[in-house]
Amino acid sequence: MHDSAGSVFLADCPARLAIDIITNKWAVVVLFALSRRSRRHGELVDLVGGVFRKVLTRTLRRLQSYGLVERRAYAEAPPQVEYSLTDLGQTLTEPIAALTDWAKTYGAAVADFQETAQQDTTSDT
């Protein structure tokens, strides 16, 4: 008997691609930041907060390689580059909104659990 739920773990399953994309620490945050409009690199650094420029560049390139983000360079002095979601990237706005809603609803419960677990661990030593 074949367990269809287990098939998401197979190497050729499309769900693994989705999981690979969203498990990158900055990918979902960057996609969300681009969900409303195009942004320049510096804007993304400020908006995302806590991300190094080099890491952001690597994340943007990775998302470009998936066809989710478009990089548009303008021939100006100084050169201007903007990043935006592609049509394919736009399809992730709804799932990201669902994750965001989950975090708003249950984030405090997760943080409380972690704090309790940490206190239990330190009291055992």
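Taking every alpha-carbon pair under 8 Å whose residues sit at least 6 apart, the range 4-91 reaches a relative contact order of 26 percent. Within the listed set Ser84, Ser65, Ser38, the Gaussian network model of the chain (springs between alpha-carbon atoms below 10 Å) gives the highest mean-square fluctuation for Ser65. Span-like helix check, the chain: qualifying full DSSP H segments, with Cα axial length of 30 Å or more and mean Kyte-Doolittle of -1.0 or more, are 93-124. Candidates (i) 13.6, 39; (ii) 15.4, 54; (iii) 18.6, 64; which is the computed Rg and Dmax of the Cα atoms in Å? Calculated Rg and Dmax of the Cα atoms in Å: the matching label is (iii). Between Tyr66 and Ser84, the modelled label-to-label distance comes to 2.0 nm, taking each label 7 Å out from Cα in the direction of the beta carbon.
Qualifying trypsin sites (Lys or Arg not before Pro) in the range 23-125, where qualification requires a DSSP coil assignment and no more than 15 other C-beta atoms within 10 Å, comprise Lys25, Arg36, Arg37. The helix-only estimate of mean residue ellipticity at 222 nm for the chain, built from DSSP H runs of length n ≥ 4 each weighted as -39500 (n - 2.57), is -18000 deg cm²/dmol after division by the residue total.
None of the figures in this text is laboratory data; all of them are computed from the coordinates on show. Fair warning: this is a prediction, and the values are worked out from it, not measured in the lab. Reconstructed Cβ throughout: ideal geometry from the backbone, glycine too, with neighbour counts over all protein chains shown.
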